[in-house]
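Working notes, beginning with the structure itself.
The values are calculated or read from the model by the stated rules, or taken from the named source; none is laboratory data. Quantities reported herein were computed from a predicted structural model and do not represent experimental measurements. Glycine gets a Cβ as well: all are built from the backbone with ideal geometry, and neighbour counts include every protein chain shown. Note: areas computed on protein heavy atoms with side chains; ligands, DNA, RNA excluded. Shrake-Rupley method; radii C 1.70, N 1.55, O 1.52, S 1.80 Å.
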Amino acid sequence: MALVIDGTLSATALRAQSSPEDYAAGEEAADFVEHVFVEPGRAGGVHPEMAPAIVVVEWSRGRLKNSCPCRRRGVSTLCQHVVAVGLAALDHARPLVQLPQTVEPSPTQRWLAELSADELRQLVLDLAATGPDAAGLMDARVAGAAGDAAADAAGDAEPVHDDLLEVLELIDETLVPGDYLDDADSMMVAEDAVDLLDDLEALLDEGPAERLLEPLRRTLTLLRDIQESADDGAGALLGASQRAADLYARACSEGHPDGPELARWLAQFRSESMVAPMLGLEAFAPALGDAGLAAYRTAVATQHRQRGRAHPEGRREIERMVLELADHDGDVETAVAVLGHTDNPPYGAMLARLDAAGRIDEALRVVDLAVAAGRVSLRRNGLLDEARLLDPGDVGFRYLAAGRPDDALRALRGVFQREPSDALYQALLGCASRVDAYVEQHDWAMQHAQARVASDGHAALLVTLLLAEGDVDGALGAADEHGVGPAWMDLAEALAETDPARAAELHRPTLELHLRSADRHSYALVALLLTKMRGLYDAAGTRADFDTEIRQLRATYKRRSLLMKELNRSK
C-alpha cells in the first residue's frame, strides 16, 4: 500500500512536483540520506551532496514546498535533494505506520448493515430508554451535534481564514528564496519585505494574535533563507529579518501557541540558521510556559550533543542557547563554563556573572586567565570589547584586595608595555601608592619610556608621562632632543598659555602634511588647525604675520575649490 504522510507527502506527490530528471536523481540518492526526521508539516535529512546542511521538505495546504540550500530562486518544482529527502522520510516513517487489516464483520454488524434508516432510528431510541447511562450518552451526542452545527453556521457567515490564506499567498509571492542576490537586489527584496511586515503588523494590532502566528513564522523563515544566499552589505535584509523575529515573538506572547511545539521549532531554527536575527529565549519565554521551557531544554540539550554536525554558525548559536538557558535558570557555573570554552573567551562577561553571584574566588581565577591571555586593556570600544576585555585598574585593585600586590603591579606593567599611555601610567602609580611602591614603579615607567625613544624614533611616550607629572619644561626638552611625535597636540595644549607661539608651531607639521596630500577629507582639519594657530599667534602678538601667511596660502591653493569653501565656512 502506498504511504501518505499528513495526506500530502507521498512518492506520487514528489513525482508530480518535480521534473523527471530530478525525481530519478532523488530516487538514486534516497538510500544515502542520513539523520532523517519526520515532524508534523515537515521532514528533513542530510543529503550527501548538501552535507552538513539539512534539506527540508515542508507541506501546508496540500502542497509540498522546496527548502534546500541549492536555492533555485523562482523555481516552484522540487529539486533532486528534496525528492531524495522526501523518499527517505517515507521509508523512515513506513515501519511506524500501522496499515489497516481486513477483518470479517460480525453477525451483529451484518444485521445492522441490513436495517433501513427508519429501523436504525427506532433502535437508537429504544436503546436510549433502557437506562440513565444510555440517555446521558444520547444527550451528549445531541449537544455535540448542535455545537458543530453552530460552528459551521458561524464559519459560513464569516470566513475568517480566507484573508489569512491571501496573506500566506502574498508572503510566498513576495519572499522567494533562490539564487544569489547582490547588494542592490537585496535592498529591493528588503523594501518589499518591509512593506509586507507593515501589513502584518497592522493585522497584529487588530488581533487576535493567534491568526498571525503562521504567517509571521513563514515570513521569518523565508527571510532567513533569502538572507543566506545574499550580499547584505547594507544590512537591509538583516533589519527586515530582525523585525519579523520581533513581531513573531510579540505574536507568540500575545497569542496562545503550543509551547512544546514552539520550543522545538525555536531550537531547530536557531541551530540550522547560518544567518539569522536575534531570537533570544527571554523574548519567547512567556509564550513557552513551563511545558515549553521543559521541551526547549530537551531540544537544546539534543542540539548540544549533536553540535559537531552543525555548521560553525550553528554551533555558535547552540552555545548561545545553552548560555541563555543557564542565565534564565540562574546557573552561573554552566554559564561561565560555556563562555570559557569559546575560542575567544569573553572574560568580562564571565566576571560580571560571577560578581553578581558573589563568587569572589572564582572571579579571581577568571582574572588570572585574562591576564595570562593578554586580555586586559583600556582599549575597549563598545559592548563587545567590554564583554571580552578586563579593565586594567579593576584588575589591579582586585589583586590588591586579594592580598596579591606583586600580581597587581606585574599585570599593570604588562598592559603598560603593550599599550603605554597616560591613563595606564596613572593606574600603575595609583596601585603602587597603595603598597608603598610608588617610587619604584615611577622610575620603572620612566626608564621604559626612555628606552622606547630609540625604537619609536621620537619621545612621544616620555613627553606624555612628563606632562602627566606637570613637568612641561622636561617634556619640551625631550621633544627638542628626540622629536615630539604624536604627542604634539598634548604639548601644544600645555604651552598654550606660557608660550603660545611655540604651541602654534607644534601644529605646523600636521598642517603642512594635510595640505600636501590634497585630500578633500582633510580640509576640515586644515581649517581647524589654521583657526587654532591664528588664535595662538594672536595671543603671542604676531597675528598680522600669520594673516599674511593665510592670504599666501589661499593664493597658492586657489584652484582647490573645496578647500577654499571650507576656509570660507570657518571664516
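Counting residues that are at positive phi, which helices (runs of 4 or more DSSP H) fully inside region 178-291 reach at least 1? Working first, answer last.
On the way: elements: 183-206, 213-227, 236-254, 259-272.
Answer list for region 178-291: none.
Within 30 Å of residue 426 (Cα to Cα), assigned to a loop (DSSP other than H, G, I, E, B) and acidic (Asp, Glu): which single residue out of 497, 481 fits that description? It would help to see each step written out before you state the result.
Working: 481 fails: assigned to a loop (DSSP other than H, G, I, E, B).
Testing whether each residue is within 30 Å of residue 426 (Cα to Cα), assigned to a loop (DSSP other than H, G, I, E, B) and acidic (Asp, Glu) leaves just 497.
In the set 283, 294, which member is at pLDDT 90 or above, more than 19 Å from residue 213 (Cβ to Cβ), open to solvent by 20 Å² or more (accessible area, probe 1.4 Å) and more than 13 Å from the chain's Cα centre (by Cα)?
Working: 283 fails: more than 19 Å from residue 213 (Cβ to Cβ).
The match here is 294.
Can you tell me which residue within region 430-450, out of those that are within 45 Å of the chain's Cα centre (by Cα) and of a type in the set (Gly, Ala, Ser), is most open to solvent (accessible area, probe 1.4 Å)?
Top of the filtered list is 433.
In region 1-21, how many are within 15 Å of residue 65 (Cα to Cα) and open to solvent by less than 30 Å² (accessible area, probe 1.4 Å)? Can you show your working first?
Our first condition is that a residue be within 15 Å of residue 65 (Cα to Cα); within region 1-21, this holds for 5-19.
Of the ones still in play, those that are also open to solvent by less than 30 Å² (accessible area, probe 1.4 Å) are 5, 8-10, 13-14, 17-18.
So the count comes out to 8.
Looking at region 373-423, which of the residues that are surrounded by fewer than 15 Cβ atoms within 10 Å (Cβ to Cβ) and among the basic types (Lys, Arg) is farthest from the chain's Cα centre (by Cα)?
410
Yes/no per residue for (1) open to solvent by 30 Å² or more (accessible area, probe 1.4 Å); (2) within 21 Å of residue 269 (Cα to Cα):
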site: 23; (1), (2): no, no
site: 28; (1), (2): yes, no
site: 34; (1), (2): yes, yes
site: 41; (1), (2): no, yes
site: 45; (1), (2): no, yes
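So residue 498 passes all but one of these: (1) surrounded by fewer than 17 Cβ atoms within 10 Å (Cβ to Cβ); (2) on the phi > 0 side of the Ramachandran plot; (3) of a type outside the set (Asp, Glu); (4) in contact (Cβ under 8 Å) with a residue 24 or more places away in the chain. Which condition number does it fail?
Failed condition: (2).
Filter region 206-256 for residues that are without any contact (Cβ under 8 Å) to a residue 40 or more places away in the chain, under 16 Å from the mean Cα position of the chain (by Cα) and surrounded by fewer than 21 Cβ atoms within 10 Å (Cβ to Cβ); which is nearest to residue 177 (Cα to Cα)?
238
Condition first: part of a loop (DSSP other than H, G, I, E, B), within 25 Å of residue 352 (Cβ to Cβ) and either in contact (Cβ under 8 Å) with a residue 60 or more places away in the chain or among the charged types (D, E, K, R) (or both). Can you find one or more residues in region 414-433 that meet it?
Yes, region 414-433 contains a residue that is part of a loop (DSSP other than H, G, I, E, B), within 25 Å of residue 352 (Cβ to Cβ) and either in contact (Cβ under 8 Å) with a residue 60 or more places away in the chain or among the charged types (D, E, K, R) (or both).
Criterion first (open to solvent by less than 60 Å² (accessible area, probe 1.4 Å) and either at pLDDT 90 or above or under 42 Å from the mean Cα position of the chain (by Cα) (or both)) does residue 523 satisfy it? Even if it seems obvious, please write down each step before you answer.
Values: open to solvent by less than 60 Å² (accessible area, probe 1.4 Å): yes; either at pLDDT 90 or above or under 42 Å from the mean Cα position of the chain (by Cα) (or both): yes.
So residue 523 fits the description; yes.
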